[in-house]
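The values are calculated or read from the model by the stated rules, or taken from the named source; none is laboratory data. From a predicted model like this one, the values you see are computed outputs, not experimental measurements. Positions of Cβ are backbone-derived with ideal geometry, glycine not excepted, and every protein chain shown enters the neighbour counts.
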Amino acid sequence: MMRRASCVACVRMTDGVPGTLGELDAAVSECRACPRLVSWREEVARVKRAAYADQTYWGRPVPGFGPVDARLLIVGLAPAAHGANRTGRMFTGDRSGDVLYAALHAEGLANQPTATHRGDGLRLCDTRITAPVHCAPPANKPTTGERDECRHWLVRELELLAGGLRAAVVLGAFGWQSLLPVLADAGWVIPRPRPRFGHGAHVELPPRSPSDRPLHLLGSYHVSQQNTFTGRLTPAMLRAVLRAAADLAGIRPQAAGPG
Ligand code: SF4
């Protein structure tokens, strides 16, 4: 299902198909397939927000973050213009990430509650974070065409993670609707009618093969400021979904936070 690409990292790989997550992340970082998003991410990196005027923005696609043998996958929407598009790591350097990483740490899925920049020492426990769109979109709204263009990266990421993956938490309806066809492309059978997104939604997908395990799909409202400032999503609500997913994935938290 993986399409062949012509980027510099891709041509180093056999047939242009990443064979490891490291190769995949390198190839994603060089992608320029969506003209509108390439233009926007680079414009934001050039103009910058005044508060970050002295920083060098990443200004490129943001690859997934977390160990290659993760049991739990967290799927967001797309990098934020002055967050991950600045720092180069998923959910790092903005208020959404503050909420997410505090909850991950509190549930023992991250070694620290803060994420400020690559190299800040943050490590995830059995958890990887990715997105269906790897470039920051204007107004945080990728088009369906851009989502579809980026889809092959997530399909390959899932194929490479599939052996160990036990659960996925999807943040928001856009991620949910994006992920279902990706899971189908990567070999899972999606029930009909398609499961609907909701906070706390839980679907168990049957194993891809007799030697596999089921994949648990859980929904959570997105950690956007729109949701967290209004109280639509509280830290307790997010932690409950993460805790349930970690339990279903059989993760033994290693960095338990407070209460
Ligand atoms: S959104 Fe995805 S497909 Fe489009 S340029 Fe970025 S990495 Fe490439």
For segment 30-45, which residues satisfy the criterion of being surrounded by fewer than 18 Cβ atoms within 10 Å (Cβ to Cβ), in contact (Cβ under 8 Å) with a residue 40 or more places away in the chain and more than 6 Å from the ligand (Cβ to nearest atom)? R36
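Suppose we filter L104, L73, L100, L77 for residues that are within 15 Å of the ligand (Cβ to nearest atom), closer than 24 Å to A244 by Cβ and either modelled with pLDDT of 95 or more or not in a loop (DSSP other than H, G, I, E, B) (or both); which single one remains? Before the answer, list the steps.
Values: L104 fails: within 15 Å of the ligand (Cβ to nearest atom); L73 fails: within 15 Å of the ligand (Cβ to nearest atom); L100 fails: within 15 Å of the ligand (Cβ to nearest atom).
Step by step, each of L104, L73, L100, L77 is checked, and only L77 is within 15 Å of the ligand (Cβ to nearest atom), closer than 24 Å to A244 by Cβ and either modelled with pLDDT of 95 or more or not in a loop (DSSP other than H, G, I, E, B) (or both).
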Determine whether segment 184-198 contains at least one residue that is more than 30 Å from T20 (Cα to Cα), crowded, with 17+ Cβ neighbours inside 10 Å and among the aromatic types (F, W, Y). yes
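Quick one: is T130 of a type in the set (S, T, Y), touching a residue at least 24 places away in the same chain (Cβ under 8 Å) and within 16 Å of the ligand (Cβ to nearest atom)?
Against the criterion (of a type in the set (S, T, Y), touching a residue at least 24 places away in the same chain (Cβ under 8 Å) and within 16 Å of the ligand (Cβ to nearest atom)), T130 qualifies.
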Matching residues, segment 136-178, being within 15 Å of the ligand (Cβ to nearest atom), under 22 Å from A249 (Cβ atoms) and among the acidic types (D, E): E157
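Do we find that R156 is touching a Pro at 6+ places or on another chain (Cβ under 8 Å), more than 29 Å from P235 (Cα to Cα) and crowded, with 22+ Cβ neighbours inside 10 Å in this structure? I'd like the intermediate steps shown before the answer.
Details: touching a Pro at 6+ places or on another chain (Cβ under 8 Å): yes; more than 29 Å from P235 (Cα to Cα): yes; crowded, with 22+ Cβ neighbours inside 10 Å: yes.
Yes; evaluated as a whole, the condition is true for this residue.
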